[in-house]
Each structure stands twice: as C-alpha cells, then as structure tokens.
Amino acid sequence: MFYVRGDRVITYLAGPMMDCNDEEMFGWRREAKELLGDILDPTVRDYRGHTDEHVEEIVEMDKAEIDASTYLLAYCPKASYGTIMEILYAWERNKKVVVVIPPGVAISPWLIYHSHIILRSVDAACIFILNDINQKQTEKVRKNMSANKLNYYTVTTTSVVRANNKTDAIAVSMNRRGITGEFLNRDVTVDRIPATEAHALVQSA
C-alpha cells in the first residue's frame with residue numbers, strides 16, 4: 001500500500017456474510033488483501049449463527065472501520081441488506097465507493113447512484129483503487145513542490161525526496177534505510193510516486 005507523510009490509505013471490504021459459506025465470505029477478501037495490503041475486514045468478527053446476540057457490536061464496529069477508511073470496496077454477488085447499508089453509510093461520508101457486481105447480476109439504480117464506479121471483478125476494482133491512490137500521490141507531490149516548502153530535491157526509483165539542505169536530500173536518496181530512520185527526525189519528506197512522474201516533476205520544478 002502507499003503512504004503520504006505517515007497518512008494511511010485504508011480500504012474497507014464490504015460484502016455478504018450471512019448465509020455465506022467460508023469461500024463466499026473469505027475468498028474474494030483474500031484476493032483483495034493480497035492486492036491492496038492495507039485493508040479493514042469485518043470478517044475478523046465472524047458472527048454467523050449468532051448475529052442476534054451481537055447487533056450493536058456488529059453495526060458500531062463496522063461503522064467505525066468505514067469511518068477510518070478512505071475507500072469502501074463492496075462485492076455484491078447477491079442481495080445483502082448489510083452491504084447496501086454500508087455502501088450508503090460510506091457514500092454519505094464522502095468515502096470513495098467502488099462496487100463489484102459479477103457478470104450476469106443485475107445492477108440496481110441505487111447502486112449506480114451511490115457508487116463512484118461499478119466493475120465486474122475484484123482484481124479490476126483493486127487496480128482502480130491503486131491507480132486512484134497513485135494519482136492522488138502525484139497531485140500531492142506537485143502541490144507541495146509548487147509551494148516550495150523545501151529547497152532541495154532528489155529522485156530515487158519511486159520517490160521524490162525534499163529537504164532543507166542538499167546533504168540530507170542526497171543522503172536519503174542514496175540510503176533508502178534513512179527514509180524510515182534518522183532522517184525522518186529532520187526536515188526531510190519522502191513522497192512515493194511512479195518514477196516517470198517523479199522525474200517529470202523534478203525536471204519542471
């Protein structure tokens with residue numbers, strides 16, 4: 001997953017749980033986790049067969065995790081009251097809502113209205129989310145560089161390093177361990193973006 005100056009980018013995985021077998025409930029979530037990495041998965045609280053005993057806990061925990069997320073990825077192979085309500089909850093709180101509806105499954109106008117995009121596979125949805133994150137990364141770097149907050153720029157394979165002095169900028173770019181070590185205590189920031197974007201931004205700065 002990608003990070004900007006310590007900010008986590010988290011995806012909440014919404015989808016049917018009641019009356020689902022293990023593969024229906026966990027299979028697509030495993031795939032999403034492998035592709036996205038930083039996710040919140042409500043299936044860690046598996047209340048199948050005991051939902052009536054944990055109503056408040058289920059709803060409040062799910063809401064809290066949606067609140068903590070940037071994206072909601074909803075897999076909708078069949079009707080699910082909980083999933084639909086999570087989609088609406090996320091939409092009303094300005095989360096990016098990405099819906100997956102498998103081929104052959106009808107798409108409700110309500111889903112179209114309350115989602116930013118509807119795709120037909122989980123891997124396509126994950127790729128969309130990753131591309132969206134990359135675009136935001138690039139926009140953030142461009143904005144920071146335009147503001148000229150720091151004076152020196154260097155480029156690593158996938159990063160732009162900005163620092164108040166040339167020595168620190170070069171040292172961090174030459175020693176990747178420094179990115180997560182001592183240099184974070186100095187006036188140094190590191191933004192990870194596609195290498196081609198990084199080089200283009202530095203050349204135009």
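The values are calculated or read from the model by the stated rules, or taken from the named source; none is laboratory data. No experiment lies behind these values; they were computed from the predicted model shown. Because the Cβ atoms are built from the backbone with ideal geometry, glycine has one as well, and the counts that use them run over all protein chains shown.
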Notebook entry, point to check: Regarding Ile66, is this residue over 13 Å from the mean Cα position of the chain (by Cα), within 22 Å of Ser108 (Cβ to Cβ) and either surrounded by 14 or more Cβ atoms within 10 Å (Cβ to Cβ) or in contact (Cβ under 8 Å) with a residue 12 or more places away in the chain (or both)?
Noted result: no
Item checked: Conditions (1) closer than 19 Å to Ile39 by Cα; (2) modelled with pLDDT of 95 or more; (3) under 18 Å from the mean Cα position of the chain (by Cα); number of the one not met by Met61 -> (3)
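Rundown of residues vs (1) over 15 Å from Pro77 (Cα atoms); (2) modelled with pLDDT of 95 or more, yes/no style:
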| residue | (1), (2) |
| --- | --- |
| Tyr89 | yes, yes |
| Arg93 | yes, yes |
| Val98 | no, yes |
| Ile101 | no, yes |
| Ile117 | yes, yes |
| Leu130 | yes, no |
| Ile133 | yes, no |
Check: Taking segment 98-114 on its own, how many of its residues are surrounded by fewer than 22 Cβ atoms within 10 Å (Cβ to Cβ) and either closer than 17 Å to Trp28 by Cβ or in contact (Cβ under 8 Å) with a residue 12 or more places away in the chain (or both)?
Finding: 8
Check: List pairs: first in segment 116-131 and under 16 Å from Lys33 (Cβ atoms), second of a type outside the set (D, E, K, R) and part of a helix (DSSP H, G or I), Cβ under 6 Å, 6+ apart or cross-chain?
Finding: Val122/Trp28; Val122/Ala32; Cys126/Ala32; Cys126/Leu35; Cys126/Leu36
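What number of residues within segment 8-28 satisfy the criterion of being out of contact with any helix residue (DSSP H, G or I) (no Cβ under 7 Å at 6 or more places or on another chain) and either at pLDDT 95 or above or at negative phi (or both)? Give the steps one after another, and end with the answer.
From segment 8-28, those out of contact with any helix residue (DSSP H, G or I) (no Cβ under 7 Å at 6 or more places or on another chain) are 8, 10, 19-24, 27; that's our starting set.
Now drop any that are not either at pLDDT 95 or above or at negative phi (or both), which leaves 8, 10, 20-24, 27.
Adding up the residues that qualify gives 8.
Condition test on Leu40, is it among the hydrophobic types (A, V, I, L, M, F, W, C), in contact with a Phe, Trp or Tyr (Cβ under 6 Å, 6 or more places away or on another chain) and within 22 Å of Arg120 (Cα to Cα)?
Numbers: among the hydrophobic types (A, V, I, L, M, F, W, C): yes; in contact with a Phe, Trp or Tyr (Cβ under 6 Å, 6 or more places away or on another chain): yes; within 22 Å of Arg120 (Cα to Cα): yes.
So Leu40 passes the test.
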